[in-house]
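Comments concern the structure below.
The values are calculated or read from the model by the stated rules, or taken from the named source; none is laboratory data. Fair warning: this is a prediction, and the values are worked out from it, not measured in the lab. All Cβ positions, even for glycine, are placed from backbone atoms using ideal geometry, and neighbour counts span all protein chains on display. We work out accessible area using only protein heavy atoms, side chains counted, and drop any ligands, DNA or RNA first. Shrake-Rupley method; radii C 1.70, N 1.55, O 1.52, S 1.80 Å.
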Amino acid sequence: MSAVSNFHLEEFNEKPEIVVKAPGRVNLIGDHTDYNEGFVLPMAIDRYIWIALSRRKDSHIVAYSVDHNDVKKFGLQNLRYRKEDKWANYIKGIVSVLEKKGYTIGGANLTVTGNVPEGAGLSSSAALEVGVAYAFDGLFELGIDKIEIAKISQEAENDFVGVKCGIMDQLISVLGKSDHAVFIDTRTLDFEYIPLNLKSERIVITNSNVPRGLVDSEYNKRRSECGRCVEVLKERKNGSALRDYSFEDLREIMGLLPESVRKRCMHVVDENRRVIDAKEALKKGDFVTFGRLMNRSHESLRDLYEVSCPELDWLVKRAWETEGVYGSRMTGGGFGGCTVTLLRDDAIDSYKQAIGQYEKIFGFRPDIYIATPSQGVEVEVF
Ligand code: GLA
């Protein structure tokens with residue numbers, strides 16, 4: 001039996017009827033493009049949230065978080081976000097969206113545990129949402145397809161939890177595939193699996209461990225700056241998101257926008273282009289070009305989108321200076337979180353050495369994970 005099944009058995013005195021595991025993610029390139037209906041190139045990582053579920057006779061959900069050592073009980077109807085419910089809000093959010101969409105579910109006992117670090121920008125909340133939605137879908141035979149699972153999960157995050165994220169994190173948690181990155185068009189939700197056959201290359205995630213205070217407010221600010229730019233662009237050329245515009249279109253309206261808004265839009269337009277180029281480079285196994293594009297992406301997130309921070313910039317710079325590193329960039333929303341670095345495996349030790357002074361300078365340690373491109377959400381056979 002898997003660990004989560006054992007915890008479920010201990011807590012509820014019954015075996016789970018279904019166990020699901022949903023991965024976290026790292027985005028290789030294409031940040032702050034998803035809510036502009038652009039392109040992203042993430043991969044699912046070999047860190048997961050596990051959900052065990054069994055039916056109850058009443059209409060309550062009893063949710064047990066092993067990692068928070070906490071149990072919450074709530075009814076199926078009239079669910080509300082409550083700050084003090086913390087982790088359980090994601091579960092309530094999924095239940096609430098399922099009900100709103102007319103799916104019939106019953107009461108359940110639920111156990112959750114995982115090894116995606118929380119608050120690190122590796123999408124532990126998306127993995128939790130996707131895992132819970134998929135487990136309910138399986139147990140109550142709701143027949144929901146995987147893209148819809150991602151949409152339901154995003155809706156729970158946007159409308160219930162109140163974080164206005166795009167759809168990348170939830171989508172990659174359902175779409176992930178071993179040894180592949182996934183190129184996603186976040187407007188059409190079309191996607192393409194891009195082989196990521198790592199032989200002597202590795203993908204290293206470095207968690208800056210920066211406390212992430214500013215994330216939500218700055219994220220929403222960036223979103224509205226992009227929206228403002230589109231309003232101006234629309235007056236000259238048809239379109240509904242930054243995705244529809246080129247650098248030339250932007251040039252024409254430069255004088256009409258404050259500098260900060262101009263910079264945001266330039267990032268998004270360039271980043272979309274970079275994702276397409278990076279996808280092509282990866283298809284050819286051209287890690288050198290891919291790495292350069294990662295570096296350009298970091299510079300743009302730092303200088304134009306202004307979502308990096310000294311710790312991330314420092315980590316990335318040390319990586320760039322290390323022999324055997326193809327590319328390195330901050331990944332995800334920013335203001336802390338992680339960097340992602342593509343390097344030769346014989347460069348890992350020198351990279352570790354290069355960032356050895358981090359704790360002395362910033363006062364806390366970074367964590368390093370070597371990530372393998374992994375499978376998306378699935379039912380675990382136990
Ligand atoms: C967060 C959001 C995503 C995406 C990234 C930035 O991870 O949840 O939807 O916008 O930031 O690329």
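Take the Cβ-Cβ distance between GLU17 and THR372 as r, set R0 to 25 Å, and report the resulting FRET efficiency rounded to the nearest 0.05.
For R0 = 25 Å, the calculated efficiency reads 0.25.
What dipole magnitude, in Debye to the nearest 20, does the stretch 79-122 give about its Cα centre under +1 on Lys/Arg Cβ and -1 on Asp/Glu Cβ?
For the stretch 79-122, the charge dipole is close to 200 debye.
Could you work out how far apart the two model spin labels at LEU198 and ASP216 are, taking each label as a point 7 Å from the Cα in the direction of the beta carbon, and quote it in nm?
3.3
Per DSSP H run of n ≥ 4, the term is -39500 (n - 2.57); total these for the chain, divide by its residue number, and report the mean residue ellipticity at 222 nm rounded to 500 deg cm²/dmol.
-12000 deg cm²/dmol
Do any GluC sites (Glu not before Pro) in the stretch 84-174 lie in a DSSP loop with no more than 11 other beta carbon atoms within 10 Å, and if so, which?
GLU141
List the trypsin sites (Lys or Arg not before Pro) in the stretch 1-87 that DSSP assigns to loop (not H, G, I, E or B) and whose Cβ has at most 13 other Cβ atoms within 10 Å. Which are they?
When the trypsin sites (Lys or Arg not before Pro) of the stretch 1-87 are filtered for loop state and at most 13 Cβ neighbours within 10 Å, LYS57, ARG80, ARG82, LYS86 remain.
How much solvent-accessible surface does ARG243 expose, in Å² to the nearest 10, with a 1.4 Å probe and all protein chains in place?
60
Label-point separation (nm) for LEU189 and LEU256, each offset 7 Å from Cα along Cα-to-Cβ?
3.3
Kindly provide the pair-distance distribution of the stretch 239-359 built from C-alpha pairs, with 10 Å bins from 0 and whole-percent values in order of increasing distance.
Percent of pairs per bin, in order: 13, 38, 32, 14, 4.
Where nothing but the Cβ of Lys and Arg (+1) and of Asp and Glu (-1) is charged, how large is the charge dipole of the stretch 104-197 around its Cα centre, in debye to the nearest 20? It would help to have the intermediate numbers written out before the result.
Numbers: 5 positive and 14 negative charges, 24 e Å.
That gives a dipole near 120 debye.
As a test of the definition: which semi-axes, in Å, follow for the chain when you take the square root of five times each eigenvalue of its alpha carbon gyration tensor? Largest first, please.
Equivalent ellipsoid semi-axes, largest first: 35, 25, 19 Å.
Explain nothing, just the number: relative contact order of the stretch 14-65, from Cα pairs under 8 Å at least 6 residues apart, as a whole percent.
44
At 1.4 Å probe size, what's the solvent-accessible area of MET168? Round to the nearest 10 Å².
MET168 has an accessible surface of roughly 10 Å² with all protein chains in place.
With every protein chain left in place, what is the accessible area of HIS180 in Å² (1.4 Å probe, nearest 10)?
Only protein atoms counted, so the area is about 40 Å².
Have a look at LEU53, VAL325, TYR103 and report the one farthest towards the positive end of the charge dipole of the chain, computed about the Cα centre with Cβ charges (Lys/Arg +1, Asp/Glu -1).
TYR103
Cα gyration tensor of the stretch 150-223, axes a ≥ b ≥ c as square roots of the eigenvalues: rounded (a/c below 1.5), prolate (a/b > b/c) or oblate? Write down the numbers at each step before the final one.
Working: a/c = 2.53, a/b = 1.35, b/c = 1.88.
Cα axes put the stretch 150-223 in the oblate bin.
Here is the link list: LYS21/LYS151; LYS234/LYS284; LYS146/LYS352; LYS177/LYS284; LYS72/LYS221. Which ones come out longer than 28 Å on Cα distance?
Exceeds cut-off: LYS234/LYS284; LYS146/LYS352; LYS72/LYS221.
Note the full-extension length gain between LYS101 and ASP277 as 0.36 nm times their separation in residues minus their Cα-Cα distance, in nm to one decimal.
59.5 nm
Sorted from largest down, give the three principal axis spans of the alpha carbons of the stretch 2-114, whole angstrom values.
45, 33, 27
Under a point-charge model restricted to the Cβ atoms of Lys and Arg (+1) and Asp and Glu (-1), what is the dipole moment magnitude of the chain relative to its Cα centre, in debye to the nearest 20?
On the way: 51 positive and 58 negative charges, 97 e Å.
Computed charge dipole of the chain: roughly 460 debye.
FRET efficiency for SER178 and LYS237, Cβ-Cβ distance as r, R0 = 41 Å, nearest 0.05? List each step's numbers first, then the result.
Values: r = 42 Å, r/R0 = 1.02.
Rounded to the nearest 0.05, the efficiency is 0.45.
Which GluC sites (Glu not before Pro) in the stretch 228-269 sit in a loop by DSSP (not H, G, I, E or B) and have at most 13 other Cβ atoms within 10 Å of their own Cβ?
Of the GluC sites (Glu not before Pro), the ones in loops of the stretch 228-269 whose Cβ has at most 13 other Cβ atoms within 10 Å are GLU235.
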